[in-house]
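The next block holds one structure in the form of structure tokens; read it before the comments.
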């Protein structure tokens, strides 16, 4: 089971349907030169919300 590189939690990658916020998170990460790999779904969603609101990390 992989570990998230941001929060350190183990997660089970579910390749099911992604929420719109998760998709935004991945797009934000890719445009910033980061890889969405090795991030748990919760961290990807959090980054997507922060990018959508304009609070880039």
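Each reported figure results from applying straightforward, stated rules to the coordinates on display, with no laboratory input. The structure displayed is predicted, hence computed values, not measured ones. Cβ coordinates were reconstructed from backbone atoms using ideal geometry, including for glycine residues, and neighbour counts include every protein chain displayed.
Quick notes on this structure:
- Shown for 18, 1: other C-beta atoms within 10 Å of each C-beta, ranked fewest to most, produce the order 1, 18.
- Linear extension gain, residue 3 paired with residue 18, 0.36 nm per residue minus alpha-carbon span: 3.5 nm
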